[in-house]
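Values in this text are rule-based calculations from the coordinates and carry no lab data. Being a predicted model, the structure only gives us computed values, none of them experimental. Cβ: placed from backbone, ideal geometry, glycine included. Neighbour counts: every protein chain shown.
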Amino acid sequence: MQIVIDILSFVLLAAGGVFMVISAVGVNRMPDIYTRLHAASVADTLGAGLLIAGMMLQAGPTLVTAKLVMILAILFFSGPVAGHAVARAALAAGVRPHVDHPEESADACGADFNVEAVPHETVRDDVKLIRSLKGLRPAGRAAKAKAKG
Amino acid sequence: MFVAATLAVLVSLVLLVVRALKGPTVFDRLVAANSIGTDAILLLAVVGFLTGRPEFLDIAITYALLNLIGTLAVLKYFRFGDLAHSGGEEPED
Amino acid sequence: MESFINMILLTLLAVVTLGVVRLRNLFAVVILGGIYSFLMASVLIVLDAVDVSMTEASVGAGISTVLMLTVLYMTRVEEAKPVHTPILPLFVAGVTGAVLVYGTWGLPAFGLSDTPINTHVGMRYMELSVPDTGIPNVVTSVLASYRGFDTLGETTVVFTAGIGVLLLLRRGVSLARLRRKQQEEEKPS
């Protein structure tokens, strides 16, 4: 029985390790932030899930397993939250997704995503990006105050 | 067998640090930083099993929470430009 | 295996430090600082210093990041070019580093049993901690029981300092906002 558990847990650990490496390679190879997020989420779900499942088989029904379940739960909840927040902040800052046909994609994305508003060059430049972000806020507030008053 | 898992986590750590250094935008670095946090948690757990003392997993739980809070703080700063913002009102963008 | 893990982690630490030195965008530097803290915490875990690692993770990756971001709100995101040539600071840093490395030669080997740390009062704590306090972790029993009032005082000092810093930062933020609002009002007219 012990040998079956050992083999099973080795398979799970190996698969988890493979997915961790795949995720890291994806984060390096993908062309833009949104696809990199997609690659990074592999580590949070499959990579961590399989690794922790393998470790749980080794630990048996002890307090260690309970802690592992807690870690897994936190990772499962925090991963999507952090990923969603990164994507939202990137979109708000005007980082454009890398697309093959920019015109069609702009139509598909609707008003939330204005291609003309953010030229591609500024997006690549962190400093300009943040300055534009800082500049946007007071202007937006002033516009709102005008609309109200 | 934990050696293999440790090596895999270390390899992915190295690759993620490469992405964090390359950028190009702040958000790419953030994604890398978040994944490095996940990797650090898993490394801690795997090393605990490797050395035969898996009792330190409480620290891993704390790391997971800190990782989330750190990422969200940075992102809130980017979204609202201020950490004290209540977040109820959407900024114009 | 442990020394191998440490070697890789320490190499990554050096690489991240070089990145922090080379980058001029301060946001990226803050994020790299968080990465540095997580790597350092992993190194400390591998070295069995669990409590130090905990502190490193919470202070380095958590609080410092938030504080740095608050400071960045009031400054510029791009680091200014240095006014002087960096030769004298490089010399001072090099000499300090050399002296520190020289100092490590005088240290006893890692884990040696007949060093002052392990022969003086350390063993007393190890022996008496569990019968005295009932806490299995000796570091915790020293911090929270033997030196309980000391820890309480330290916590009070740090808490007060934190409140002071928060108050100062809030004031600065509102000033920056006021100034920007003034500029906004001046621009259209």
Exercise. Which angle from 0 to 90°, rounded to the nearest 10, does the C-alpha axis of helix C:2-22 make with the longest principal axis of chain C?
Worked result: 20
Exercise. Two-decimal Rg/Rh of the stretch C:1-142 from alpha-carbon positions, Kirkwood Rh?
Worked result: 1.07
Problem set entry | Theoretical FRET efficiency, 1/(1+(r/R0)^6), r = Cβ-Cβ of C:E78 and C:L112, R0 60 Å, to 0.05 | 0.75
For this session: Please work out the ratio of the alpha-carbon Rg of the stretch C:1-80 to 2.2 N^0.38 Å and round it to two decimals.
Result: 1.20
Problem set entry | DSSP loop trypsin sites (Lys or Arg not before Pro) with at most 14 other Cβ within 10 Å excluded, longest remaining stretch of chain C | C:77-146
Exercise. In what sequence do A:H84, C:H120 fall when counting other Cβ within 10 Å, fewest first?
Worked result: C:H120, A:H84
Problem set entry | Dipole magnitude of the stretch C:1-80 about its Cα centre (Cβ charges: Lys, Arg +1; Asp, Glu -1), debye to nearest 20 | 360
Exercise. Got the relative contact order for the stretch A:1-90 handy, in percent, Cα pairs under 8 Å and 6 or more residues apart?
Worked result: 33
Exercise. Between C:T119 and C:I87, how many nm apart are label points set 7 Å from Cα along the C-beta direction?
Worked result: 4.9
For this session: Please give the average number of partner chain Cβ atoms lying within 10 Å of the Cβ of each residue in C:58-66, rounded to a whole number.
Result: 5
Seminar exercise, completed: Here Rg/Rh (Cα, Kirkwood) for the stretch A:2-100 equals 1.11
For this session: With a Förster radius of 60 Å, plug the Cβ-Cβ distance of B:T51 and C:L168 into 1/(1 + (r/R0)^6) and report the FRET value to the nearest 0.05.
Result: 0.85
For this session: Take the alpha carbon atoms of the stretch C:1-71, find their center, do the same for the stretch A:47-70, and report the distance between the two centers in whole angstrom.
Result: 26
Seminar exercise, completed: Quick calc, chain C, dipole around Cα centre from Cβ unit charges on Lys, Arg (+) and Asp, Glu (-), nearest 20 debye, gives 1120
Problem set entry | Cα centroid of the stretch B:30-65 to Cα centroid of the stretch C:150-168, whole Å | 30
Problem set entry | For residues of C:12-20, the mean tally of beta carbons on other chains within 10 Å | 3
Exercise. What is the local net charge at A:R29, summed over the other residues whose Cβ is closer than 14 Å to its Cβ (Lys, Arg +1; Asp, Glu -1)?
Worked result: +1
For this session: Compute the acute angle (0 to 90°) between the alpha-carbon long axis of helix C:148-186 and the principal axis of greatest extent of the alpha-carbon atoms of chain C; round to the nearest 10°.
Result: 10
Exercise. Other chains' Cβ within 10 Å of C:36-42 residues: what's the mean?
Worked result: 6
Exercise. For C:F38, B:F78, what ranking results if the residue with the fewest other Cβ atoms within 10 Å of its Cβ goes first?
Worked result: B:F78, C:F38
Exercise. Normalised by the number of residues in chain C, what is the relative contact order in percent for Cα pairs under 8 Å and 6+ residues apart?
Worked result: 15
For this session: Quick one: compute the contact order of the stretch C:1-80, relative version, from alpha carbon pairs under 8 angstrom and 6+ residues apart, as a percent.
Result: 35
